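Have a look at the structure below before the remarks.
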Amino acid sequence: MPETAALPRFDDHRDEIHERIANAPGLVLCVDFDGTLAPIETDPDAPEITPENRRMLEALREHDRVRVAVVSGRALDDVRERVGIDGLAYAGNHGLELHRNGSTTVHPVAVKRRRRLRRIVEHLEDRLARIEGAAIEDKGATVTVHFRETPDERVEEVVEAVEESVERFGDGGIRCTDGKQILELRPAVRWHKGMAVSLIAASQPDDWLPIYIGDDTTDESAFRAVLPEGIAIHVGTGETDASYQIPTQSGVAEALGALGEWLDDPTTRPITSTDP
């Protein structure tokens with residue numbers, strides 16, 4: 001993956017992005033929640049979508065040439081409540097749960113592996129209770145172990161406890177991945193945010209431009225899913241497969257607003273001939 005220093009900044013390439021958006025027949029816009037629509041918080045229950053981002057998504061939802069989806073590692077019900085905007089598609093638990101067009105589906109393997117995850121959680125509750133700052137978030141289809149507030153010298157203890165519990169109770173059906181000061185426990189099935197984004201995009205016209213905006217390592221599969229035809233925007237710093245960078249979460253609202261403005265720009269939109 002390229003170094004962050006070599007990644008083009010969104011603001012430095014507005015003209016070329018403007019041209020691609022303005023010439024697109026439509027946009028399939030998929031956006032991460034934590035660290036993108038909402039600032040990262042120490043308390044996993046604290047994040048809220050910023051008012052500016054809410055207004056931008058509501059405006060984009062009303063556009064007949066835009067389809068908006070929020071794609072999150074959070075449980076589906078949780079992210080839907082935190083965003084609180086009807087008429088969007090929502091993917092929860094990294095796409096294992098999907099809500100669109102008024103209907104919700106859950107990956108069948110996630111349903112089958114729920115009992116194994118529950119055994120792991122029960123074991124970890126006792127192990128991690130003795131470690132300051134460690135917290136377990138049971139999201140139904142997946143589990144997140146947070147250690148953002150754990151002293152540095154005890155983080156390895158958290159990691160070892162999680163890995164041992166997965167090996168002992170997962171029966172090979174649960175995998176552990178890492179994120180920003182978290183560990184994610186998911187069913188060992190080939191499914192991730194990128195697949196959810198591809199599924200959402202496939203339900204729209206083939207020539208619509210896919211865009212993904214996210215900040216975490218779990219968003220890398222979604223970046224790859226929209227490239228090279230689409231636009232992948234990474235929020236923050238660090239190595240990434242994205243095509244552009246927004247350095248801070250506070251810059252997301254301006255980027256969302258620009259997408260809507262550029263899509264409505266008639267100066268660069270192709271003219272379709274009406275001649276017989």
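The values are calculated or read from the model by the stated rules, or taken from the named source; none is laboratory data. Just so it is clear, the model here is predicted, and its values are computed rather than measured. Using ideal geometry, Cβ is built from the backbone for each residue, glycine included, and neighbour counts are taken over all protein chains shown.
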Next on the checklist: Within the range 44-65, does at least one residue satisfy the condition of being within 12 Å of the chain's Cα centre (by Cα) and within 14 Å of Thr144 (Cβ to Cβ)?
Outcome noted: no
Checklist entry - Could you count how many residues in the range 180-199 are touching a strand residue (DSSP E or B) at 6+ places or on another chain (Cβ under 8 Å), closer than 17 Å to Glu220 by Cβ and touching a residue at least 60 places away in the same chain (Cβ under 8 Å)? => result 5
Checklist entry - Quick check: is even one residue across the range 146-153 touching a strand residue (DSSP E or B) at 6+ places or on another chain (Cβ under 6 Å) and either on the phi < 0 side of the Ramachandran plot or not assigned by TED's automatic domain parsing to the domain that holds Lys180 (or both)? => result yes
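Among the residues of the range 208-260 satisfying the criterion of being polar (S, T, N, Q) and in contact with a strand residue (DSSP E or B) (Cβ under 9 Å, 6 or more places away or on another chain), which is nearest to Glu58 (Cα to Cα)? Before you say what the answer is, go through the steps one by one.
Initially, the range 208-260 is screened for residues polar (S, T, N, Q), giving 217-218, 221, 237, 240, 243, 245, 248-250.
If we keep only those that are in contact with a strand residue (DSSP E or B) (Cβ under 9 Å, 6 or more places away or on another chain) too, we end up with 217-218, 237, 240, 243, 245, 248-249.
Working: Thr217: 27, Thr218: 25, Thr237: 28, Thr240: 28, Ser243: 25, Gln245: 23, Thr248: 22, Gln249: 19 Å.
In this case the residue turns out to be Gln249.
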Next on the checklist: Please go through the range 115-141 and give me each residue that is under 24 Å from Ile200 (Cβ atoms) and either surrounded by fewer than 19 Cβ atoms within 10 Å (Cβ to Cβ) or over 17 Å from the mean Cα position of the chain (by Cα) (or both), ordered by number.
Outcome noted: Gly140
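Given the criterion among the hydrophobic types (A, V, I, L, M, F, W, C) and outside the structural domain of Ile182 (by TED's automatic domain parsing), identify the matching residue among Leu117, Leu27, Leu124. Give the derivation first.
Details: Leu117 fails: outside the structural domain of Ile182 (by TED's automatic domain parsing); Leu124 fails: outside the structural domain of Ile182 (by TED's automatic domain parsing).
Going through Leu117, Leu27, Leu124 in turn, just one is among the hydrophobic types (A, V, I, L, M, F, W, C) and outside the structural domain of Ile182 (by TED's automatic domain parsing): Leu27.
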Checklist entry - Under the condition of being under 10 Å from the mean Cα position of the chain (by Cα) and small (Gly, Ala, Ser), which residue from the range 202-230 is surrounded by the fewest Cβ atoms within 10 Å (Cβ to Cβ)? => result Ser221
Next on the checklist: Would you confirm, using the coordinates I've provided, whether Ile233 is touching a residue at least 60 places away in the same chain (Cβ under 8 Å) and closer than 16 Å to Gly26 by Cβ?
Outcome noted: no
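Conditions (1) under 18 Å from the mean Cα position of the chain (by Cα); (2) at pLDDT below 95; (3) not acidic (Asp, Glu), marked per residue:
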position	(1), (2), (3)
Pro2	no, yes, yes
Ala22	no, yes, yes
Val28	yes, no, yes
Leu37	yes, no, yes
Val68	yes, no, yes
Ser72	yes, no, yes
Gly102	no, yes, yes
His107	yes, yes, yes
Arg113	no, yes, yes
Checklist entry - Looking at this structure, is Val189 within 19 Å of Val121 (Cβ to Cβ) and either surrounded by 15 or more Cβ atoms within 10 Å (Cβ to Cβ) or small (Gly, Ala, Ser) (or both)? => result yes
Next on the checklist: Contact list please: Cβ distance under 8 Å, first residue in the range 127-152 and in contact (Cβ under 8 Å) with a residue 40 or more places away in the chain and in a strand (DSSP E or B), second residue hydroxyl-bearing (Ser, Thr, Tyr) and surrounded by 19 or more Cβ atoms within 10 Å (Cβ to Cβ), pairs at least six apart or on different chains.
Outcome noted: Glu137/Thr144
Item to check | Pair list, Cβ under 6 Å, 6 or more apart: the range 28-53 residue polar (S, T, N, Q), other residue assigned to a strand (DSSP E or B) | outcome: Thr36/Ile213; Thr36/Gly214; Thr36/Val235
Next on the checklist: So, in the range 231-241, how many residues would count as being under 23 Å from Glu41 (Cβ atoms) and under 15 Å from the mean Cα position of the chain (by Cα)?
Outcome noted: 5
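Every residue, every condition in (1) assigned by TED's automatic domain parsing to the domain that holds Phe10; (2) at pLDDT 95 or above; (3) among the polar types (S, T, N, Q), yes or no:
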{"residue": "Val235", "(1), (2), (3)": "yes, yes, no"}
{"residue": "Thr248", "(1), (2), (3)": "yes, yes, yes"}
{"residue": "Ala255", "(1), (2), (3)": "yes, yes, no"}
{"residue": "Arg269", "(1), (2), (3)": "no, no, no"}
